[in-house]
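Take a look at the structure set out below.
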Amino acid sequence: MSLCVKLMLTLLFTGLAAVLIGGLAYMRVYYRGDSLRRKQAAWHFHSAVTSYLGKYGSWQVGLATEPFSSFMRERNKPLASRPGRRAAPGEPPFRFILTDQDFTVLLGACVYRDGRPLPESARADALPVVVDGRTLGYVSPQGVLTPSKQELVYLSAVREALLLGAACATVLALGLGLLLGNGLSRSLSRLTEAVRAMHGGSLRQRVEVQGSDEVATLATAFNQMSEQLAKSHAELQASHATILEQAGQLRELSVRDALTDLYNRRHFDEQATTLFNQAMRHGRPLSVVMGDIDFFKRINEQFSHATGDAVLRQVSAILRGHMRLTDLVARYGGEEFVIAFPETGLPQAAALCDKLRELIEQYPWHQVHPDLKVTMSMGVCADVGAGTAEAMLKQADVLLYQAKENGRNRVCFA
């Protein structure tokens, strides 16, 4: 059930409850007045009967001389003739029960038949009619009290007023419910849509603030919260990106050789093992190379360690610049370098290494020092049947020493 409908029903029930309470209050006042009127009418009837029996001595004598109804009309003429005065109670429509001294019904008021004994249950409230110390009869207040025409018109007007009030309350409740409910529902709907958008990831939301009521206060607080959340989230994202960048940099530093910027031995061993396992799993070729700069100790002794560091950096740049994205090259220690060529058989790997050897030999080393010459020897192993990447490296190392023994500046493979 929507908020608008709930508000309309609340206003409607409130209005109808007010009308109902008013109706109950009216009925209480009406019945209270009716009780007083009944008592007054009964007293007047008792007084009229007392006068009637006092005048004629008995009911039978009075009826033979003057009917009781005629006596009542004559008795009420002075009251009814007064300007603005209604006929006194006791005349029709007021009718009460009258019995003689033996409780024989004289006037039954359409309740009991004349001439029959009054039941014991009705005698308890009967009022005695006493004339000159003698009880000549009894009057029971259990008679019929019929509303007059004017009273019926009054009751009808009250009922119409109550029905009109209920109709007006219903229309007013529906109108106010639609007016207030739609406004409140629109404001809350905007807030709900903004909250859903935030849940979807769009944290910076802003809803229109109208008025200064509780909903406006809620909207203002929501806007402030949304702005703070968006700002905090942006700061957190920036911090997270910085941390990731720094973590990547640290990781790179941990796997890189500081001098040559190539991968270090630990990283190469880890990655070579992974490449070997993939080659074995998919039945693909893999070649491993062990390279060593010729006479590197002599370069350090003859030209200085600074020149040796320059040679290491330049050789590393040549190797790195001619690798495929899938290839892996690292400084294995000192002047030793290792390369892993995935998806590469022995002939292709040997050709690539020979090209790298030529590039290193043909580099203008005189720019570093006029008398400097640099060459490299390499050993290539493509036997995945060796069992592990480490075993392949050992075979490549054996081939490297074979290249050195055969005169250096060459590539040996088997």
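The values are calculated or read from the model by the stated rules, or taken from the named source; none is laboratory data. This is a predicted model, so every value here is computed, not measured. Every residue, glycine as well, gets a Cβ built from its backbone with ideal geometry; the counts of neighbours run over all protein chains shown. Ligands, DNA and RNA are stripped out before the accessible areas are found, and what is left, the full protein with its side chains, is counted by its heavy atoms. Shrake-Rupley method; radii C 1.70, N 1.55, O 1.52, S 1.80 Å.
At-a-glance table
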quantity	calculated
Residue match in segment 236-248 (condition: open to solvent by 50 Å² or more (accessible area, probe 1.4 Å), farther than 19 Å from VAL195 by Cβ, in a helix (DSSP H, G or I) and in contact (Cβ under 8 Å) with a residue 40 or more places away in the chain)	no
Of all residues in segment 228-261 being acidic (Asp, Glu) and at pLDDT 85 or above, the one that is nearest to GLY200 (Cα to Cα)	GLU235
Residues that are among the hydrophobic types (A, V, I, L, M, F, W, C) and over 15 Å from SER189 (Cα atoms), drawn from segment 199-238	LEU203, ALA221, MET225, LEU229, ALA230, ALA234, LEU236, ALA238
Selected residue (criterion: nearest to LEU163 (Cα to Cα)) from residues of segment 8-54 that are at pLDDT below 70 and β-branched (Val, Ile, Thr)	VAL19
From ASN277, ASN264, residue being at pLDDT 90 or above, in contact with a strand residue (DSSP E or B) (Cβ under 7 Å, 6 or more places away or on another chain) and not aliphatic (A, V, I, L, M)	ASN264
Matching entry among SER287, SER316 (being assigned to a helix (DSSP H, G or I), among the hydroxyl-bearing types (Ser, Thr, Tyr) and in contact with a strand residue (DSSP E or B) (Cβ under 8 Å, 6 or more places away or on another chain))	SER316
LYS373 vs. criteria more than 30 Å from GLN278 (Cα to Cα), surrounded by fewer than 15 Cβ atoms within 10 Å (Cβ to Cβ) and free of Cβ contacts under 8 Å to residues at least 40 places away in the same chain	yes
Conditions (1) in contact (Cβ under 8 Å) with a residue 40 or more places away in the chain; (2) in a loop (DSSP other than H, G, I, E, B); (3) open to solvent by 60 Å² or more (accessible area, probe 1.4 Å); number of the one not met by GLN278	(2)
Of residues in segment 123-156 being at pLDDT below 70 and part of a strand (DSSP E or B), the one most open to solvent (accessible area, probe 1.4 Å)	GLN142
Residue count, segment 257-274 (criterion: over 20 Å from ALA389 (Cβ atoms) and surrounded by fewer than 17 Cβ atoms within 10 Å (Cβ to Cβ))	3
Test for ARG159: is it out of contact with any Gly (no Cβ under 6 Å at 6 or more places or on another chain), at pLDDT 80 or above, among the basic types (Lys, Arg) and more than 30 Å from GLU214 (Cα to Cα)	no
Residues (open to solvent by less than 60 Å² (accessible area, probe 1.4 Å), in contact (Cβ under 8 Å) with a residue 60 or more places away in the chain and of a type outside the set (A, V, I, L, M)) located in segment 383-414	ASP397, LYS404, ASN409
Residue match in segment 86-101 (condition: of a type in the set (A, V, I, L, M), modelled with pLDDT under 85 and open to solvent by 50 Å² or more (accessible area, probe 1.4 Å))	no
Contacts under 7 angstrom Cβ, first residue in segment 54-74 being part of a helix (DSSP H, G or I), partner of a type in the set (Val, Ile, Thr) and open to solvent by less than 50 Å² (accessible area, probe 1.4 Å), 6 or more apart	GLY54/VAL131
Enumeration of residues in segment 106-122 that are in a strand (DSSP E or B) and either open to solvent by 70 Å² or more (accessible area, probe 1.4 Å) or modelled with pLDDT of 85 or more (or both)	LEU106, PRO117
Residue match in segment 361-384 (condition: in a loop (DSSP other than H, G, I, E, B) and in contact with a His (Cβ under 9 Å, 6 or more places away or on another chain))	yes
Failed item, numbered, when LEU325 is tested on (1) farther than 18 Å from LEU356 by Cβ; (2) open to solvent by 30 Å² or more (accessible area, probe 1.4 Å); (3) at pLDDT below 95	(1)
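Table: residues versus (1) of a type outside the set (A, V, I, L, M); (2) farther than 20 Å from ALA349 by Cα.
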{"residue": "GLN246", "(1), (2)": "yes, yes"}
{"residue": "ARG256", "(1), (2)": "yes, yes"}
{"residue": "ASP261", "(1), (2)": "yes, yes"}
{"residue": "ARG266", "(1), (2)": "yes, yes"}
{"residue": "PHE276", "(1), (2)": "yes, no"}
{"residue": "MET280", "(1), (2)": "no, no"}
